[in-house]
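The values are calculated or read from the model by the stated rules, or taken from the named source; none is laboratory data. Source: prediction; values computed, not measured. Note that each Cβ is placed from the backbone with ideal geometry, even for glycine, and that neighbours are counted across all protein chains shown.
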Amino acid sequence: MRSTLGAQLSALRRRRAMSQRDLAERAGVSVDLVRKLEQGQRHATRIASLTALARALDVTPADLLGKPRGLPAGPANGEVGSIRRAVLGIRPAEVAPPAVTALRPRVAEVWRLYWAGRYGELACELPERIGEARAAASESGAPGAALLAELMQVTAALLAHLAHEDLAHLALTEGMRAAEASGDELLHASQQATRSWVLSRQGLWSEAEHIAVSTAESIEPALSRASTDQVAVWGELLRYATTAVARSGRQSEAQELLGLVQAAAARMRGDHYSRYVGMAFGPTVAAMKAVDVAIAADRPRHAIRLAERVERPAALPTAMHARYLLNVAWAQMSDWRSQDAVDTLRTVEALAAEMLPHQTIARTIIAELLPRRRKQRLPGLVGLAERMGIAA
């Protein structure tokens, strides 16, 4: 049976009336790669190649991998439909404006659900919270606008995970307007960091890089006297810029940006929480990013060695820890440490079972590992694939 990637690649290519050679030339990859993917002789490829193929077919990488949209439970994307109506705001809900002091802990709880990977609960909470925040922004001005900006930011982040990236950008548009109304420069910059991340998920590397780099330049702090929040937001923007540059294949530039991320992390003198980032920023995050850059450079063995130096990944929020472990699993899969990759995926499932099906990297790893069962037993893989909704 052809992999989901191979089947999608073939169907989308034929839909656009392209030959395998046409697609290969347009994507800048070898025709042999296209042929092997479509024939099921290969089930995964480098992230840069996957992105190039998706762009040549005018789809997102998630579309190419057959990633499902929305939440797996609930009535036909009902939760996403409610979020869509809230984001569009065509018929604003009649909500009595809550006091900012009452709304602030509700916004904090929304962020907690996001970083815990509890997408179902978060999706149910957001529509009501968005209505409250809009009312608070109208009533109380800048303090309410700041909370509205945060809510639209977390809404955008969730929508991107659920493969509704364009709706995520709409949420961020309102979030950035609200951040400007709040008068908080760092809040606006953190919105731009999320915008860069969403663009990266769509494979729009140059656009993601531009947003992250230009915003980082506009808020660049003097490290010797900058606050924790200033350094954290600047470092996060550089981290997203590093992702975009590494994924676009410019490895020397990615290393230069990684050096700046590491400099910002060193200035933190440990992992310190920033409300603008929503988690701790510091050496642990920088060390995780080094693993990601090595993977983008197709150096899985080096990535595994770097992963051994990440000292406290479990100290970060569950969602961040889980996403990092998926990078480790990718490196293990690429280095033919197949059982290690399976075991790492099962660790991710134990940490954040609800968020795992929404991770395209997880689906790609499983698709690559399944055919290896012809030569390796790989206990635990089939059950994991079934729970992910992937045909074994």
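Are any of the residues in region 158-180 out of contact with any strand residue (DSSP E or B) (no Cβ under 7 Å at 6 or more places or on another chain), of a type in the set (S, T, N, Q) and in contact (Cβ under 8 Å) with a residue 24 or more places away in the chain?
Residues of region 158-180 out of contact with any strand residue (DSSP E or B) (no Cβ under 7 Å at 6 or more places or on another chain): 158-180.
From what is left, the residues that are of a type in the set (S, T, N, Q) are 173.
Next, only the ones that are in contact (Cβ under 8 Å) with a residue 24 or more places away in the chain stay: none.
Checked against the condition, which is being out of contact with any strand residue (DSSP E or B) (no Cβ under 7 Å at 6 or more places or on another chain), of a type in the set (S, T, N, Q) and in contact (Cβ under 8 Å) with a residue 24 or more places away in the chain, region 158-180 yields no hits at all.
Evaluating residue 258 against the criteria (1) assigned to a helix (DSSP H, G or I); (2) over 21 Å from the mean Cα position of the chain (by Cα) leaves one unmet condition, (2). Looking for something over 15 Å from residue 114 (Cβ atoms) and either among the hydroxyl-bearing types (Ser, Thr, Tyr) or part of a helix (DSSP H, G or I) (or both) - is there at least one such residue anywhere in region 153-165? Yes: region 153-165 contains one or more residues that are over 15 Å from residue 114 (Cβ atoms) and either among the hydroxyl-bearing types (Ser, Thr, Tyr) or part of a helix (DSSP H, G or I) (or both). So, in region 219-255, exactly how many residues are outside any helix (DSSP H, G or I) and touching an Asp or Glu at 6+ places or on another chain (Cβ under 8 Å)? Going through region 219-255 one residue at a time, the tally reaches 1. The residue pairs whose first member lies in region 254-281 and is in the same structural domain as residue 209 (by TED's automatic domain parsing) and in contact (Cβ under 8 Å) with a residue 60 or more places away in the chain, whose second member is assigned to a helix (DSSP H, G or I) and buried (at least 22 other Cβ atoms within 10 Å of the Cβ), and whose beta carbons are closer than 7 Å, counting only pairs six or more residues apart or on different chains, are 276/187; 276/190; 276/232; 276/233; 277/190; 277/232; 277/233; 277/236.
What are the residues in region 107-133 that are charged (D, E, K, R) and part of a helix (DSSP H, G or I), if any? Write out each step before concluding.
Start the filter on region 107-133 by keeping residues that are charged (D, E, K, R), which leaves 109, 112, 118, 121, 125, 128-129, 132.
Within region 107-133, 109, 112, 121, 125, 128, 129, 132 meet the criteria.
Here residue 26 passes the criteria (1) modelled with pLDDT of 85 or more; (2) touching an Asp or Glu at 6+ places or on another chain (Cβ under 6 Å) except the one numbered (2). Per the listing 386, 368, 354, the residue uniquely farther than 24 Å from residue 247 by Cα, surrounded by 17 or more Cβ atoms within 10 Å (Cβ to Cβ) and not basic (Lys, Arg) is 354. Residues of region 268-298 that are of a type in the set (Lys, Arg) and modelled with pLDDT under 95: 269, 275. Scanning region 17-42 for residues that are at positive phi and surrounded by 15 or more Cβ atoms within 10 Å (Cβ to Cβ) returns a single hit, 40.
Between 130, 219, which is among the β-branched types (Val, Ile, Thr), in contact with a helix residue (DSSP H, G or I) (Cβ under 8 Å, 6 or more places away or on another chain) and surrounded by fewer than 24 Cβ atoms within 10 Å (Cβ to Cβ)? Spell out how you get there, then give the answer.
Working: 130 fails: surrounded by fewer than 24 Cβ atoms within 10 Å (Cβ to Cβ).
None of the others qualify; the one that does is 219.
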